[in-house]
Amino acid sequence: MSISLSFLIFLPIWINMAQIQQGDPGEKEKTTALKDLLSRIDLDELMKKDEPPLDFPDTLEGFEYAFNEKGQLRHIKTGEPFVFNYREDLHRWNQKRYEALGEIITKYVYELLEKDCNLKKITIPVDATESEPKSFIFMSEDALTNPQKLMVLIHGSGVVRAGQWARRLIINEDLDSGTQIPFIKRAVDENGSPEEHAVYVWDHFIAQSAAENVFFVAHSYGGLAFVELMIQREADVKSKVTAVALTDSVHNVWHQEAGKTIREWMRENCCNWVSSLEPLDTSVESMLPDCPRVSAGTDRHELTSWKSFPSIFKFFAEASEAKSSSQKPALTRRSHRIKHEEL
């Protein structure tokens, strides 16, 4: 029985109870008994009625799914995309099945980061004891020693994990649009709370790197984490970071109380590709006095990183060239669109 059906049944009863209370006092005893009966009804248990056990496979093969050569998740036997409503009228069960698959996807992406991208999984805090809660990051072998470039990728909030932009895109679209792997591979080809986490990673890893050019790509809540990092480590960030690409960032310089010098630096060195139906790189108006905003060429929040991918690397290249020639990058040129042949 679904929640909506349950409420359709229960709501008239509560109305009748109110009417009874306003009428004959002799009905109060019956009303009290009815209240007691309704209080014993567990909606969650009703939803579980006739529901299959929440016992799901722990591998992609067990789900009978696999990623094809295009990085798309497809059913092994039918070749069809993932089906959420695997069993009709069992939304809770379908959701749990989706979440179980999502956990397998996360482990799969971790394996790709280590095997395909040659990244190392580093536990943090670096000096944590056995009893302390721990997290981890992924980094390349030469992340702290490469004197040329360092790229830092920060995902948004929610169920996404390291290496992902959006789990939904991985399951329903492909690995390229939903993971950070294209950014990692492109960077390699070219040699190249969340807020507290960002500051910690900066202090213990990024700040100690030998890279002359550090680039950030921060999606959604990751943009807010970057602004908080600037507030906490303004001078250090300015000295090491060459350019920052934000994708549909949810930061707010007013609410986060970013100072004037930070806002000025962001106007010169950051660009935010936001969800919009305008063509890629079309200027988008903003009420905030921070960085330029341009269209990501899509109105889907989770797709903004992937759709702006070519523009981001062009932006980084221009910023790097400008820095090497001692000129500040003119980010307002984002208002023009990249030619079709450049894509």
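The values are calculated or read from the model by the stated rules, or taken from the named source; none is laboratory data. What you see is a predicted model; the values in this text were computed from it and never measured. Here the Cβ is made from the backbone with ideal geometry for all residues, glycine too, and neighbour counts use every protein chain on show. For the accessible areas, the whole protein counts, side chains as well, though only heavy atoms, and no ligand, DNA or RNA atoms are used. Shrake-Rupley method; radii C 1.70, N 1.55, O 1.52, S 1.80 Å.
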### Query
Of all strands (runs of 3 or more DSSP E) completely enclosed by segment 59-178, which ones contain at least 2 residues that are at pLDDT 90 or above and surrounded by 15 or more Cβ atoms within 10 Å (Cβ to Cβ)?
65-67, 73-75
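Can you report the number of residues in segment 296-309 which are within 20 Å of residue 153 (Cα to Cα) and either assigned to a loop (DSSP other than H, G, I, E, B) or open to solvent by less than 40 Å² (accessible area, probe 1.4 Å) (or both)? Please lay out each step first, then the result.
Of the residues in segment 296-309, the ones within 20 Å of residue 153 (Cα to Cα) are 296, 300-309.
Then drop every residue that is not either assigned to a loop (DSSP other than H, G, I, E, B) or open to solvent by less than 40 Å² (accessible area, probe 1.4 Å) (or both), which leaves 296, 300, 302-305, 308-309.
The number of residues fulfilling the criteria is 8.
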## Note on the structure
The residue that is modelled with the lowest pLDDT, considering only those in segment 42-58 that are over 15 Å from residue 102 (Cβ atoms) and assigned to a loop (DSSP other than H, G, I, E, B), is 42
## Note on the structure
How many residues of segment 279-295 are part of a loop (DSSP other than H, G, I, E, B) and at pLDDT 95 or above? The answer is 4
#### Entry: Matching residues, segment 250-274, being modelled with pLDDT of 95 or more and either over 19 Å from residue 233 (Cβ atoms) or among the small types (Gly, Ala, Ser) (or both)
271, 272, 273, 274
### Query
Which of (1) under 23 Å from residue 322 (Cβ atoms); (2) within 22 Å of the chain's Cα centre (by Cα); (3) among the hydrophobic types (A, V, I, L, M, F, W, C); (4) surrounded by fewer than 16 Cβ atoms within 10 Å (Cβ to Cβ) does residue 210 not meet, given it meets every other one?
(2)
### Task
Answer yes or no: is there a residue in segment 82-92 that is of a type in the set (Ser, Thr, Tyr) and farther than 20 Å from residue 107 by Cα.
yes
#### Entry: Hits in segment 248-295 (condition: open to solvent by 10 Å² or more (accessible area, probe 1.4 Å), in contact with a Ser or Thr (Cβ under 7 Å, 6 or more places away or on another chain) and among the acidic types (Asp, Glu))
248, 278
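Each row is one residue, and each column tells you yes or no for (1) farther than 26 Å from residue 322 by Cα; (2) touching a Pro at 6+ places or on another chain (Cβ under 7 Å); (3) at pLDDT 90 or above; (4) open to solvent by 50 Å² or more (accessible area, probe 1.4 Å).
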{"residue": "221", "(1), (2), (3), (4)": "yes, yes, no, yes"}
{"residue": "235", "(1), (2), (3), (4)": "no, no, yes, yes"}
{"residue": "242", "(1), (2), (3), (4)": "no, no, yes, no"}
{"residue": "246", "(1), (2), (3), (4)": "no, no, yes, no"}
### Task
Take segment 187-215 and flag every residue that is assigned to a helix (DSSP H, G or I), at pLDDT below 85 and of a type in the set (Asp, Glu).
189, 195, 196
### Query
Which residue pairs have Cβ atoms under 7 Å apart, sit 6 or more places apart or on different chains, and have a first residue in segment 70-81 that is of a type outside the set (A, V, I, L, M, F, W, C) and a second that is in a loop (DSSP other than H, G, I, E, B) and open to solvent by 60 Å² or more (accessible area, probe 1.4 Å)?
74/80; 75/64; 77/64
